[in-house]
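> Pasting in a structure now, in C-alpha cells, and then I'll have a few things to ask.
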Amino acid sequence: MTAEVPRLSAALSGTGGRLRVQPEDFEVDEVPAYAASGSGEHLFLQVEKVALDTPQAAAILAGALGLAPSDVSWAGLKDRQAVTRQWLSVPARAEAALRTAQIPPGIRVLSAVRHGNKLRVGHLRGNRFTIRIRAPERPQAAAPVLALLAAHGLPNAYGPQRFGRGDNPLRGRALLLGERLPRRPSAFDRKLFVSAYQAALFNRMLAARMEAGRYGRAEIGDLLRKADTGGLFVCREPAVEQPRVDRLEVSPTGPVFGWKMPRPEQAVDAEEQALLASEGLTLEQFRTLGGLGEGARRPFAVRVVDPSSEVDGGDLVLRFTLPAGSYATVLLDEVMKSSTPESVEGSES
C-alpha cells in the first residue's frame, strides 16, 4: 500500500553501516523561517534535547516553568534518539521563571528571545543534519551519491515513519469510504490514518513518475512549485521551464489528495484522477473529513544543501540540510542502500 519509491542513485554503490548506536550519532539543528524580533508577548526558546522527542521535552519544560503543556508550541517535531536543537515558544510571562527554573538533565535552554507571535507548526525553513554512520563497508560510496542528489534533488518521498506500524493507510482509506473500523479511532488516530493514506498515494505517484523516466522533467499541465517561496504555477511551456527544474529552482509537484488541493491540468491531472478512481474515490469524498481532508501539493524533488561526507576513525560522518517536510530517512537510504534506516525525520510532517 505504501509503494516503494525507486532510489535515484540505484546505479551507485551504498556505504552500508549502522545508525543510531547512540543519540549523539544524530545531530539536528532547526533552521528557523525567521528571526525573533526581540519584543512581544511570546518568548522563543532555543533548546537542546537529548533522547527526548519534542512533546516530551515541551511537557518537561512546561512543568519546570509552571506552565500548562498547551502553553508550549513548536515549529517541527524532532526525533527522540538524537541530539537536537530547535525552537519552542512559551508566553513571555515565563521569562522570570526561566531564570530560576530547575530544568532536568536532557534539556538545555541555549537562548531566549521575545517575539510578537506564537511559534506554530511549519514556521521553519529546514533542518541541518550531522549523522554518524558506524562501521561503513564502503565509506567512499557516499560522495558520488551526495553529488548526484545535490545535482538532481532528493526524491521527496514520505519516509516510513509517516506510516507508523500496521495498516494505517488502509484504515485511512476506510475512513474515506465511510467504512466502520474495528475500534472507534481517536482524533489523533484519524489524523494518523488519513495522513498515512495521503502519503501512500503521493509515494505511488512519485514512484510511477520515476519508473517512467519522468523524474525531474517538466510536463504540460504540471503544477510547478517555487523552491524559495512555495508558490505554485501551471507549466504551459516545458521547454521554457525545464532549465529552472534542472537548477532545482522549481519542481513538479504531486498530490496530497484533498478537497481543497490545487489541481494540475491536462494529462497530469488525468493521471492523478485515475489513481484516485482506482481506489474507488473522488476528491469530493475528502470533504467528509473536514480539515483533515483539505490536501496540498508536495514537490517531487527537494534541494540537498551543502552535503558533505568525511571519514572519522572507522566511522562516516554526513552533513546536509533539507527543507521542512522532507525526510532524512530517504537520503540515508540512498546513501547506505542497506536495510531501511531507522526513523530520522527532516521536520514535523
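The values are calculated or read from the model by the stated rules, or taken from the named source; none is laboratory data. Remember, predicted model here, so these are calculated numbers, not experimental data. Positions of Cβ are backbone-derived with ideal geometry, glycine not excepted, and every protein chain shown enters the neighbour counts. All accessible areas refer to the heavy atoms of the entire protein, side chains included, with ligands and DNA or RNA removed. Shrake-Rupley method; radii C 1.70, N 1.55, O 1.52, S 1.80 Å.
> Report the extension gain between residue 53 and residue 276 in nm, rounded to one decimal, defined as 0.36 nm multiplied by the number of residues separating them, less their alpha carbon distance.
Full-extension gain reported as 76.8 nm.
> Further, regarding this structure: What ³J(HN,Hα) values, in whole Hz, does the Karplus curve 6.51 cos²θ - 1.76 cosθ + 1.60 give for the stretch 287-301 when θ = phi - 60°, with x put for Gly and Pro?
Residue by residue, the stretch 287-301 yields 4, 5, 8, x, x, 5, x, 5, x, 6, 10, 10, x, 6, 9 Hz.
> Please work out how much accessible surface residue 190 shows to a 1.4 Å probe, ignoring ligands, DNA and RNA, in Å² rounded to 10.
That residue has around 80 Å² of solvent-accessible surface.
> Quick one: order 78, 337, 118 from most to least accessible surface, probe 1.4 Å.
Ranking 78, 337, 118 by accessible area, largest first, yields 118, 337, 78.
> Sticking with this one: Using the alpha carbon gyration tensor of the chain, what are the three equivalent-ellipsoid semi-axes (square root of 5 times each eigenvalue), largest first, in whole Å?
33, 27, 20
> Quick one: what are the phi-derived ³J(HN,Hα) couplings along the stretch 140-155, Karplus 6.51/-1.76/1.60 with θ = phi - 60°, whole Hz, x for glycine and proline?
5, 6, 5, 4, x, 5, 4, 5, 4, 5, 5, 7, 10, x, 8, x
> Within the stretch 42-66, what residues put their amide N at less than 12 Å from the label point 7 Å along the Cα-to-Cβ vector of residue 188?
Answer for the stretch 42-66: 55-56.
> So if I restrict to the alpha-carbon atoms in the stretch 109-237, what is the Rg, and what is Dmax, the biggest pairwise distance, in Å?
Here Rg and the maximum Cα pair distance are 19.8, 52 Å.
> Also: Can you give me the Cα centroid spacing of the stretch 130-186 and the stretch 312-336 in angstrom?
Distance between centres, Cα-based: 13 Å.
> Could I have the simple spin-label model distance between residue 180 and residue 118, label points 7 Å from Cα toward Cβ, reported in nm to one decimal?
Inter-label distance under the simple model: 3.8 nm.
> A follow-up question, please. Please work out the C-alpha center-to-center distance from the stretch 43-63 to the stretch 189-224 and express it in whole Å.
About 33 Å separates the Cα centre of the stretch 43-63 from the one of the stretch 189-224.
> Shifting gears a bit: Return one whole number: the accessible area per residue of the stretch 27-185 in Å², for a 1.4 Å probe.
Using a 1.4 Å probe on heavy atoms only, each residue of the stretch 27-185 averages 48 Å².
> By how many nm would the segment from residue 246 to residue 111 lengthen if fully extended, with 0.36 nm per residue of separation less the alpha-carbon distance?
That works out to 44.7 nm of additional length.
> List, largest first, the extents of the alpha carbons of the stretch 55-171 along their principal axes, each in whole Å.
51, 39, 29
> With every protein chain left in place, what is the accessible area per residue of the stretch 273-345 in square angstrom, probe 1.4 Å?
38 Å²
> Heavy atoms only, probe 1.4 angstrom, no DNA, RNA or ligands counted: give me 123, 115 ranked by accessible area, highest first.
Sorted descending by solvent-accessible area, the residues read 123, 115.
> Give the carbon-plus-sulfur fraction of the accessible surface of the chain in %, rounded to a whole number; probe 1.4 Å, heavy atoms of protein chains only.
Percent of accessible area from carbon and sulfur atoms in the chain: 50.
> Then there is this: Using only the heavy atoms of the protein chains and a 1.4 Å probe, how would 276, 52 rank by accessible area, largest first?
52, 276
> Follow-up. Please work out, to two decimal places, the log10 of the ratio I(q)/I(0) at q = 0.28 Å⁻¹ from a Debye calculation in which every Cα of the stretch 271-334 carries one identical scatterer.
The Debye formula, applied to the Cα set alone, gives -1.18.
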